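Take a look at the structure set out below.
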Amino acid sequence: MKDLLKEIQNCKKCGLYKTRIMPTIYCGNIKSKIMFIGEAPGKNEDETGVPFCGRAGKILDELLNYINFKREDVHITNIVKCRPPKNRDPKESEIKKCGCFLEKQIKLVNPKIICPLGRFSSKYILKKYFKKSFEIGEVHGKVFKVNNIVIIPMYHPAAAIYDNKKIDVLKKDFKKIINNL
């Protein structure tokens, strides 16, 4: 993992390195059986290097607590490791260039369950394993199995900031993690 950290810190594959404060690589347990994959760092993440440390992170913490887990019990990362300017969506080219780092993380952590959070990470992971694209609204909470890995796409925790009904959907989806451990 140390080699991967250095590789990401020195990365200049796309222009995002020019505007970042620090890359956001991961937090939590590098030996966890559960991996959460977000989309890209926001302002707080860029300043601290810690994924999900803002408002969406508080919701993620609540959801983890709901299933009796803490951040230290799981591995949390993003596809894109550097903040897109003004919190814009990550570009396809940025996702492709950063994807190699995520692939290495998945191999190093070797999780039993991967939970992509949000449309970009869900699209990336499902396309990688199933060679087909899905919309998050149609696949959130569904359980996919491939190569001894369980994949459970979910809405991004930030969705609950803008639509408080999503918290109940997320809780229901999070329970599926427990059922598949």
Cross-link reach from Lys96 to aspartates and glutamates, straight Cα distance under 13 Å and at least 8 residues apart if same chain, gives Glu39
Have a look at Val146, Gly99, Ile59 and report the one farthest towards the positive end of the charge dipole of segment 51-153, computed about the Cα centre with Cβ charges (Lys/Arg +1, Asp/Glu -1). Gly99
What distance in nm lies between label points placed 7 Å from Cα along the C-beta direction at Asn147 and Met22? 3.1 nm
Residue pairs, from the table Lys70/Lys123; Lys70/Lys145; Lys112/Lys171; Lys58/Lys132, whose Cα atoms sit over 28 Å apart: Lys58/Lys132
Reachable aspartates and glutamates from Lys31, Cα under 14 Å, same-chain residues fewer than 8 places away excluded? Glu72, Asp73
Relative contact order, percent, segment 2-179 [alpha-carbon distance under 8 Å, six or more residues apart]: 24 percent
Looking only at Cα atoms, what is the convex hull volume of the chain per residue, in Å³? 104 Å³
What does the extension gain come out to for Lys2 and Glu92, with contour length at 0.36 nm per residue minus their alpha carbon separation? 29.7 nm
What whole number of Å gives the distance from the Cα centroid of segment 91-109 to the Cα centroid of segment 143-167? 19 Å
Per DSSP, loop trypsin sites (Lys or Arg not before Pro) in segment 127-181 with at most 10 further Cβ within 10 Å: Lys131, Lys132, Lys165
Hey, with R₀ at 30 Å, roughly what FRET efficiency would Lys43 and Val169 work out to, going by the Cβ-Cβ distance, to 0.05? 0.70
If you project the alpha carbons of segment 126-168 onto their three principal axes, what span does each projection cover, largest first, in Å? 35, 19, 14
Taking a cut-off of 17 Å between Cα atoms, list the lysines near Lys18, but don't count ones fewer than 8 places away on the same chain. Lys6, Lys43, Lys81, Lys86, Lys91, Lys97
So for each of 146-152, 118-124, 21-27 I average, over its residues, the number of other beta carbons within 10 Å; can you give me the resulting order with the highest mean first? 118-124, 21-27, 146-152
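Since every read-out is calculated from the coordinates, none of them should be taken as a lab result. These numbers were taken from a predicted model, which means no experiment stands behind them. Positions of Cβ are backbone-derived with ideal geometry, glycine not excepted, and every protein chain shown enters the neighbour counts.
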